[in-house]
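Everything on this sheet refers to the single structure shown next.
The values are calculated or read from the model by the stated rules, or taken from the named source; none is laboratory data. Computed from a predicted structure; not experimentally measured. For neighbour counting, all protein chains shown are included, and Cβ atoms are generated from backbone atoms with ideal geometry for every residue, glycine included.
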Amino acid sequence: CEQCHGEIYTIYASSVHGSALFNEHNQDVPVCADCHRAHNIEDPRTFDYREKVPQMCGNCHANKALMDKYGLSTAVLKSYLQDFHGVTLKLYKKQKDFGDKTTMKPIAVCIDCHGVHDITVTTGPKSSIVKANLIKRCQKCHPNATENFPDSWISHYEPSMKKAPLVFMINLIYKIFIPFMMVGLILQILLHIWRYTVNR
């Protein structure tokens, strides 16, 4: 691939995946053919290709055995599909056969936030650069996004007392409160029916 795509090769070589492959001889990382295949290469700018990106990344990042080796969360695909971007993508996929796909607005997928060939570690000394690049990507669809815009998202980690405790507590309260209210309403209806029957 390098013979024709030298510039992309150089970018990939300095990414988190390329660095692991060339410097550590790590065979777990994706290479060109994992994302672009070999003989039936698709145009990555099309909707058909973009809609496959979350599943493509999920092949590794949702693999528990593989991610446990590197201490990474496997909730990335699940959390994306439950997020507003993921939900919108699922709706688009359901309706794509009913209209002109070229008119569909692009939905943010993994590569829009994390990059393509230049994926870097999101923590550590380069984290401020990663955030600055992310804001620029957000502003393509959200022109008024400020530097704190990405902070409003709780990332790919599920809410817990350690990560997003307020969201975790609200979810917990609703999980208890809603069933409690439903049981109370059903009990009230049953008591009303019983009282009505007794009074007849």
Handout entry: Test: residue in region 67-90 that is in contact with a Ser or Thr (Cβ under 7 Å, 6 or more places away or on another chain), closer than 26 Å to Ser15 by Cα and surrounded by 13 or more Cβ atoms within 10 Å (Cβ to Cβ)
Key = yes
Handout entry: Criterion (of a type in the set (Asp, Glu) and at pLDDT 90 or above) met by exactly one of Asp48, Asp68, Asp100
Key = Asp68
Handout entry: Of residues in region 1-39 being out of contact with any Leu (no Cβ under 8 Å at 6 or more places or on another chain) and among the charged types (D, E, K, R), the one nearest to Lys126 (Cα to Cα)
Key = Glu24
Handout entry: Criterion (of a type in the set (A, V, I, L, M), in contact with a Ser or Thr (Cβ under 8 Å, 6 or more places away or on another chain) and under 24 Å from Val87 (Cβ atoms)) met by exactly one of Ile154, Ile107, Ile170
Key = Ile107
Handout entry: Test: residue in region 16-27 that is in contact (Cβ under 8 Å) with a residue 12 or more places away in the chain and hydroxyl-bearing (Ser, Thr, Tyr)
Key = no
Fill in the blank from the handout: Scanning region 42-56 residue by residue, those in a helix (DSSP H, G or I) and either free of Cβ contacts under 8 Å to residues at least 12 places away in the same chain or not polar (S, T, N, Q) (or both) turn out to be Phe47, Asp48, Tyr49, Arg50, Val53, Pro54, Met56
Problem - Single residue of region 144-169 satisfying the filter (of a type in the set (A, V, I, L, M) and surrounded by fewer than 13 Cβ atoms within 10 Å (Cβ to Cβ)) that is modelled with the highest pLDDT - result: Met169
